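Comments concern the structure below.
The values are calculated or read from the model by the stated rules, or taken from the named source; none is laboratory data. Please read these numbers as outputs of a predicted model, since none were measured by experiment. A quick note on method: Cβ atoms are made from the backbone with ideal geometry, for glycine too, and the neighbour counts reach across all protein chains shown. Protein only, heavy atoms only, side chains kept; ligands, DNA and RNA dropped before computing areas. Shrake-Rupley method; radii C 1.70, N 1.55, O 1.52, S 1.80 Å.
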Amino acid sequence: MVSIRAKIKSRLEKFLEVDSSGYRRAILCIFIKVKKATIDELHEMLTSKYNVSRNTVASMVGYIHSKLGILRAHKESYKTPMVYLLREEYIDLLMKIITSPKAPAEFKA
């Protein structure tokens, strides 16, 4: 039986394999640095380097949250935005994958 960490590692590698623009790796690097963020905060950080829409950022974060399983979502009330938190148990795994030789130097954490 394959462990959950092995499945997540495999999914992360596939997720980054098709990252032609660099957005995906950049979002993961941001989560390593800040640990938690809203879609608007992530969009603001990414637009400093990339021309990326808010919907693109929201879509990627939604995918990371639902399919990869390395984020936790929290909402204080119905009026506040969703806050995404990087799960502590996957920080080491994410660091290892992000700092692999395939990673561009500007985004290594």
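Computed about the Cα centre, the dipole magnitude for the range 7-98 is approximately 180 debye when only Lys and Arg (+1) and Asp and Glu (-1) carry charge, each at its Cβ.
Sequentially through the range 58-70, phi angles give Karplus couplings (6.51, -1.76, 1.60; θ = phi - 60°) of 4, 5, 5, 5, x, 5, 4, 5, 7, 8, 8, x, 9 Hz, Gly and Pro residues having no value and appearing as x. With contacts taken as Cα pairs under 8 Å at a separation of at least 6 residues, the chain carries a relative contact order of 31 percent. Surface composition of the chain: carbon plus sulfur atoms contribute 52% of the solvent-accessible area (1.4 Å probe, protein chains only, all chains present). The helix-based estimate of mean residue ellipticity at 222 nm for the chain, built from -39,500 (n - 2.57) per DSSP H run of four or more residues and divided by its residue count, is -14000 deg cm²/dmol to the nearest 500. Computed with a 1.4 Å probe over protein heavy atoms only, the accessible surface of the range 32-92 comes to 63 Å² per residue. Backbone amide hydrogens, once placed in the peptide plane, bring residue 87 within less than 5 Å of 71, 72, excluding anything fewer than 5 places away on its chain.
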